[in-house]
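Heads up: the structure comes next, in structure tokens.
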Amino acid sequence: MRHFDYQNGEMFAEGVPLARIAEEVGTPVYVYSTATFTRHYRVFADSFNDTDALIAYSVKANSNIAVLATLAAQGAGADVVSGGELKRALIAGIPAKKIVFSGVGKTRTEMREALTAGIRVFNVESLEELHVLNDTALEMGQTAPIAFRVNPDVTAGGHAKISTGKKENKFGIAWSQAELAYEEAARLPAIEIIGVDVHIGSQISDLAPFEKAIQKVGDLIKRLRAAGHTIKSFDIGGGLGIPYGNNTVVPPPPSEYAALVKRLTADLDVEMIFEPGRMIAGNSGILLSEVLYVKRGEDRDFLIIDAAMNDLLRPALYDAYHDMEPVKQGDLDKMETYDVVGPICESGDTFTKGREMPKLESGDLVVLHSAGAYGASQSSQYNTRPLVPEVLVNGAEYAVIRARPSIEDILKTESLPNWLSKHQNVTDI
Ligand SMILES: *Cc1c(COP(=O)(O)O)cnc(C)c1O
């Protein structure tokens with residue numbers, strides 16, 4: 001069931017016509033579907049119904065507080081990678097005991113915030129970080145629950161920039177050093193070892209790398225227990241791929257992933273933790289944009305739309321493919337070929353080249369599908385373009401869940417030093 005689909009020739013998000021959102025909120029704008037978020041979460045969670053499992057949604061995929069609250073209502077936990085994301089998760093009502101903290105470069109301040117909140121576990125990525133965490137927890141008179149993120153040296157992920165489980169990647173404790181790391185942690189007074197963590201990459205569309213990683217880490221868990229460590233939880237990260245509309249390989253459904261995980265962990269007696277991001281958010285959102293110009297080039301036509309790489313970076317960053325469709329269902333007998341680009345002064349500001357679409361004109365609305373994950377959360381204000389707003393649809397209603405800032409909002413954080421102006425605030429000028 002697609003919640004972004006045509007009804008009588010016009011694209012809707014659930015029960016709301018996208019043209020209405022464009023009219024009332026303006027473009028470009030991200031539009032999310034509550035029903036899709038909920039369904040994706042349920043599909044994943046229900047496939048682990050019979051398992052002791054925490055589903056810690058990866059906040060960086062889509063970190064809007066309303067999205068987090070939607071998932072919190074379904075029972076989701078959170079995987080955060082910064083103090084800011086931690087704050088979002090707590091505000092959204094996710095209990096601290098369902099929050100795991102990942103990332104290679106946690107600061108002391110972030111550690112203090114997480115210890116104060118009482119999160120479930122720190123996924124520690126180096127011995128250097130381990131010692132800082134121990135010191136921080138000691139100062140606070142607390143104990144920090146930890147798992148080491150280990151790097152199993154497994155190839156996975158849809159693109160070099162989203163592969164994280166190879167030894168040349170910056171992530172995790174090197175495989176050969178994992179057991180020594182646990183020995184070290186066991187000696188520290190303010191550290192409590194509770195588990196093992198692994199995350200091998202993103203947009204993984206085949207189960208083989210998961211199988212390899214789970215087997216390797218499962219064996220490690222047995223060795224760690226034999227060495228006297230208490231291993232209660234096994235976090236296998238996120239990474240499950242989704243269909244983007246062009247996949248030659250169709251990613252496995254969560255049910256197959258779940259069957260694999262259960263088979264490989266059946267004899268481990270651990271609580272499982274999952275950190276899915278893209279699988280839940282990716283196809284829960286679209287980017288809605290308006291055609292500004294159709295520019296007839298010498299050998300190609302450019303569709304210049306009002307969304308740009310600052311709003312959706314994935315094509316520029318990962319050569320990512322996004323399905324595109326007009327909001328008014330076009331005439332499939334009158335297809336044109338376009339290079340779809342944004343207004344930013346970079347050749348990389350290209351969403352796609354040579355894409356066939358029904359004929360479009362200035363003022364027409366277009367949808368970039370599968371933009372719910374790593375879309376708004378990666379957006380920037382490059383070229384002094386206001387951060388793209390976000391809208392959440394729920395049945396026949398919708399709400400703006402991140403407003404478009406005004407240019408004044410952007411400029412007021414900047415100031416001129418006194419040697420350049422008598423004015424302190426740029427906006428006073
Ligand atoms: C990004 C990330 C995830 C989520 O990955 P998806 O591919 O979106 O599921 C999970 N865990 C960690 C540590 C991450 O960095």
Checklist line | Any chance GLY372 is within 16 Å of the ligand (Cβ to nearest atom) and assigned to a loop (DSSP other than H, G, I, E, B) | finding: yes
Item checked: Of the criteria (1) in a loop (DSSP other than H, G, I, E, B); (2) within 14 Å of the ligand (Cβ to nearest atom), which one GLY245 fails -> (2)
Notebook entry, point to check: If a residue has to be farther than 30 Å from GLY195 by Cα and either assigned to a loop (DSSP other than H, G, I, E, B) or touching a strand residue (DSSP E or B) at 6+ places or on another chain (Cβ under 7 Å) (or both) to count, how many in the range 248-298 make the cut?
Noted result: 17
Margin query: Which count do you get for residues in the range 20-50 that are of a type outside the set (S, T, N, Q), in a helix (DSSP H, G or I) and touching a Ser or Thr at 6+ places or on another chain (Cβ under 6 Å)?
Written below: 1
Check: Taking the range 272-331 as the search range and keeping residues that are small (Gly, Ala, Ser) and more than 14 Å from the ligand (Cβ to nearest atom), which one is nearest to ARG42 (Cα to Cα)?
Finding: SER289
Check: Is there a residue being over 20 Å from the mean Cα position of the chain (by Cα) and among the basic types (Lys, Arg) anywhere in the range 136-153?
Finding: no
Notebook entry, point to check: Among the numbered criteria (1) crowded, with 23+ Cβ neighbours inside 10 Å; (2) under 23 Å from the mean Cα position of the chain (by Cα), which single criterion is violated by GLU168?
Noted result: (1)
Next item on the list: Give me the pairs, please: first residue somewhere in the range 80-104 and farther than 25 Å from GLU128 by Cβ, second residue anywhere and in a loop (DSSP other than H, G, I, E, B) and among the basic types (Lys, Arg), beta-carbon distance under 7 Å, and either six or more positions apart or on two chains.
Entry: LYS97/ARG120; LYS98/ARG120
Checklist line | Among (1) part of a helix (DSSP H, G or I); (2) surrounded by fewer than 22 Cβ atoms within 10 Å (Cβ to Cβ); (3) not acidic (Asp, Glu) - the single one ALA137 does not satisfy | finding: (2)
Notebook entry, point to check: more than 27 Å from ARG2 (Cα to Cα) and of a type outside the set (Ser, Thr, Tyr) - does that describe any residue in the range 357-365?
Noted result: no
Next item on the list: Taking SER233 as the residue in question, decide whether it is of a type outside the set (A, V, I, L, M, F, W, C) and modelled with pLDDT of 95 or more.
Entry: yes
Note to self: I'm trying to understand the selection: among the residues of the range 98-115, which are of a type in the set (A, V, I, L, M, F, W, C) and surrounded by fewer than 19 Cβ atoms within 10 Å (Cβ to Cβ)?
What the structure shows: VAL104
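The values are calculated or read from the model by the stated rules, or taken from the named source; none is laboratory data. Computed from a predicted structure; not experimentally measured. Ideal geometry is used to build each Cβ from the backbone, glycine not excepted, and the neighbour counts take in all protein chains shown.
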